[in-house]
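Remarks on the structure that follows.
The values are calculated or read from the model by the stated rules, or taken from the named source; none is laboratory data. Since this is a predicted model, take the numbers as computed values, not measurements. As a convention, Cβ positions derive from the backbone with ideal geometry for all residues, glycine included, and neighbour counts pool all protein chains shown. Surface areas here come from the heavy atoms of the whole protein model, side chains and all, with no ligands, DNA or RNA. Shrake-Rupley method; radii C 1.70, N 1.55, O 1.52, S 1.80 Å.
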Amino acid sequence: REATLVLESARRSPLLPMTTLDGVLQLDAVADELVHENFTCDTRDHEDHTFCGIMFDLACETERPVEYIEISSVHVRGALGPMTVWTTPGSFSGKHETEEAWTKVYSETHARSHNELVELRLQSPLRLKPGERLGLYVHSALPGDEGIVYDNCRRSISYHDPQFVVYSGMAHLSYRPFGTSGFWGRPWRPNREFVGRVSYGVRWKMWSPSVHAQFPLGFREAVRTVLMGSRRTESLLYLLQDEIILFTFNKIWWNEWGTQMGASSTGAAAPSAPPAASASSSPYSSPYGHSFFGHPFFFGAGGGSSSGGCGSSSAARGSLASSVRRLLGDSDEEEEEDEMSEE
């Protein structure tokens, strides 16, 4: 088998001198604060109720190679008035009357807007990594019962796309944030849904050997094919060093070869998801992060140097060769597993 032969082959000597790519390495600190794509999600609006506030959870749930998402704003409608937005880590559950468990991230007064959504841009974005969840509380201190529009709960998930989830929550009937008394006794109404829009951005992972398994099937196959070609003397890919090949894949958009994550996966987080959010920017309009050369995750645990060039030390190059052999070896094992399952 080709991959088996590769595992036994000796590492090639560099054909061209390597130099430190300072311009690429300088992207390290800058790109960490960027997101690659921006999305908006609109929840269903049945105009069921208006009152003073709504608490609900947001989560990042995905199979895709997401580094994190950042929630930048929420949009609501109603009589509005003095508006505040609060957040708590994990979930709002059990914290709805515990103000000290929450952090205020927005406070402004707005004119009434019963028909058009009004953006409440947060003081700083709220970041969620895959598997993380937070509670959000949107409140109007306007006396009366017309502050914010919300809906009865029709299902536990108000919105779902391949990387972001909006859960149902509870409504608040007090014009005092976290108030414990309302117009008709207890001020909380469970099984209610947020009505409006959430704007968020996604930072995708950059490919490297250490996150290879988190990328779509087509991407993994492309890496395997090019690396195997680079081991064949009759291929033009043989002229390229491993550093150049891996650097190139590091800069390729994660879904270039499709979004299917496995043999039976489509890459979506749930099969019955509502329509996905709309991207407001092209994936090719943003620089794709920082180089992994000299970064510990490129060479594996304990390897690499934060100031070194591209494979400048023999130890680093040895770790690089090990990473390549491991990638090809893993691909070979995946092939064998697929063949066994087919049989």
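When a/c reaches 1.5 or more, the comparison of a/b and b/c decides; with that in mind, is the stretch 124-254 rounded, prolate or oblate per its Cα gyration tensor?
Prolate is the answer for the stretch 124-254, as a/c is 1.5 or above and a/b outweighs b/c.
Which peptide among 36-44, 146-154 comes first, and what is the full order, when sorted by highest mean count of other Cβ atoms within 10 Å? Display every interim value, and only then the final one.
Numbers: 36-44: 18.2, 146-154: 21.0.
Packing order, densest peptide first, comes out as 146-154, 36-44.
Can you order the peptides 79-86, 97-104, 192-199 by their average number of other Cβ atoms within 10 Å per residue, highest first? Numbers along the way, then the final one.
Numbers: 79-86: 20.4, 97-104: 13.6, 192-199: 23.6.
By packing density, highest mean first, the sequence is 192-199, 79-86, 97-104.
Please compute the per residue accessible area over the stretch 142-182 with all protein chains in place, 1.4 Å probe, rounded to a whole number of Å².
35
Nearest 20 debye, what's the magnitude of the dipole of the stretch 121-247 about its Cα centre given +1 on Lys and Arg Cβ and -1 on Asp and Glu Cβ?
260
Can you tell me, using C-alpha contacts under 8 Å and at least 6 residues apart, the relative contact order of the stretch 152-197 as a whole percent?
Across the stretch 152-197, relative contact order equals 39 percent.
Among T109, S140, L122, which residue has its Cα furthest toward the positive end of the charge dipole of the stretch 77-154, with +1 on Lys/Arg Cβ and -1 on Asp/Glu Cβ?
Among T109, S140, L122, the one farthest towards the positive end of the dipole of the stretch 77-154 is L122.
If packing is taken as the average number of other Cβ atoms within 10 Å across a peptide's residues, how do 250-257, 239-246 rank, most packed first?
So the peptides 250-257, 239-246, ranked by packing, come out 239-246, 250-257.
Counting only protein heavy atoms and using a 1.4 Å probe, what share of the accessible area of the stretch 129-179 belongs to carbon plus sulfur, as a whole percent?
50
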